[in-house]
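K.L.:
Pasting a structure below so you can have a look.
Coordinate-derived values only; no laboratory data. Fair warning: this is a prediction, and the values are worked out from it, not measured in the lab. Glycine gets a Cβ as well: all are built from the backbone with ideal geometry, and neighbour counts include every protein chain shown.
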Amino acid sequence: MRITVHRAVSSVVCATAVLAAVITAASPAAAFNQNAYWEFYDASGNQAEDVPLTATAGDGVTVRAAVFAERLVPDPSAVETFTLSGATATFTSATQTDGSSCQISGTTAVCHDPVGDGPESAACPFFPGVNSRVGCFALGILPTEQGTVTLTASAAGDAFDPNPVTSSTTITVSSASTAPTVTGISPDSGPSTGGTSVTITGTGFTGATAVDFGTTPATSLTVNSDTSITTTAPASSSIGAVDVTVTTPNGTSVTTSADQYAYTYRFAGFFPPVKNPPMFNKAEAGRTIPLKFSLGGDQGLSILAPGSPFVHPIDCITGAPINNATGAADGSGLTFDPATSTYTYAWKTSTAMAGTCQQVNVRLADNTDHTADFSFK
């Protein structure tokens, strides 16, 4: 008697689209001149030989496996074993269509063929046209990394077909296509000379290949985790805010207000004779006071915000503003000395300031405020 045993696998992505694979093996069995082989079918039972199995990391896939014996009563001792190898993936479920359960353990699923014979349409509705069935299995698979997952199906020999059959197919797993996002920058400002250590928070940073401040690449990049990157701000030829973007194999982060980093002048405080807060400067009302400072080099003479410097009265004990009254500081203008790389604003105070305390605010074009407190006699 000539016996032919068919073992077939069909596949489909859960709740999404039908997937299938090419025939990967046709293994002739030797005993009794029998032939045994695996075939791959789509969810409708149609043989699909040209569409590869695909999946996305983190998305579940359902693979349907059917084992058939034409016009034979199956052996209840027969066992089907399914294993996963390659890129990380695990079985999440493995059940027979007749209601009995397979046993799963990580990357292995062991299924026993059901006892009995009958119309295959009841147990294997996805594979019509076979007179008798040995078993049908629905295997849930969850790949968690990009790469290739190999699914191997092994059918042990039984009383009707003593020749074990082993075959495999592959699932090509792509990475999740979500681009990284930037939700925070700390600190969110630094001098235009660069060199500030900056921590970027967000999502999807694993595998990051670049961080850019505006159009300038960062000078260092360390991926701490999928949600954190430490980098070093590069130098900038201009002041103001730029967007910080992160690039990974999945794309570049979309710019938002949360990713902005402000380049500022390198202000290191006022030079003598002016003392910096919290110290009070004692001065004679009506005299001209030189406000000297450096910005790390010649930044031109357009470094002041409109109307700057500003002056407002403060409490001589607490330093708190009085009446929030603010006016422009009267002076002879801004100069730069290239020999000392020093800016000077000659602030001419008023005799009306006698007996009061005043705060002068040099607001720069980078929108930073630099103050000094004075007590006038």
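K.L.:
So what's the convex hull volume per residue for the Cα atoms of the stretch 280-333, in Å³?
P.N.:
126
K.L.:
Further question on the same structure: Based on the Kirkwood radius over alpha-carbon pairs, what is the Stokes-Einstein translational diffusion coefficient of the stretch 268-308 at 37 °C with 0.692 mPa s viscosity, in µm²/s?
P.N.:
Stokes-Einstein gives a translational diffusion coefficient of 265 µm²/s.
K.L.:
So if I average 1/r over every pair of distinct C-alpha atoms in the stretch 302-361 and take the inverse, what Kirkwood radius in Å does that give?
P.N.:
Kirkwood radius, the stretch 302-361: 13.0 Å.
K.L.:
Normalise the Debye intensity by I(0) for the stretch 198-263, one equal point scatterer per Cα, no solvent, then take log10 at q = 0.16, 0.19, 0.25, 0.28 Å⁻¹ and round to two decimals.
P.N.:
For the stretch 198-263 at q = 0.16, 0.19, 0.25, 0.28 Å⁻¹, log10 I(q)/I(0) is -0.46, -0.65, -1.12, -1.39.
K.L.:
While we're here: Tell me the net charge near S332. Cut-off is 15 Å between Cβ atoms, S332 excluded, with +1 for each Lys or Arg and -1 for each Asp or Glu.
P.N.:
Neighbour charge sum, excluding S332 itself: +1.
K.L.:
Please list log₁₀ I(q)/I(0) at q = 0.13, 0.15, 0.22, 0.25 Å⁻¹ for the stretch 246-321, using the Debye equation with identical point scatterers on the alpha-carbon positions.
P.N.:
Debye curve over Cα of the stretch 246-321, log10 I(q)/I(0) at q = 0.13, 0.15, 0.22, 0.25 Å⁻¹: -0.67, -0.80, -1.25, -1.36.
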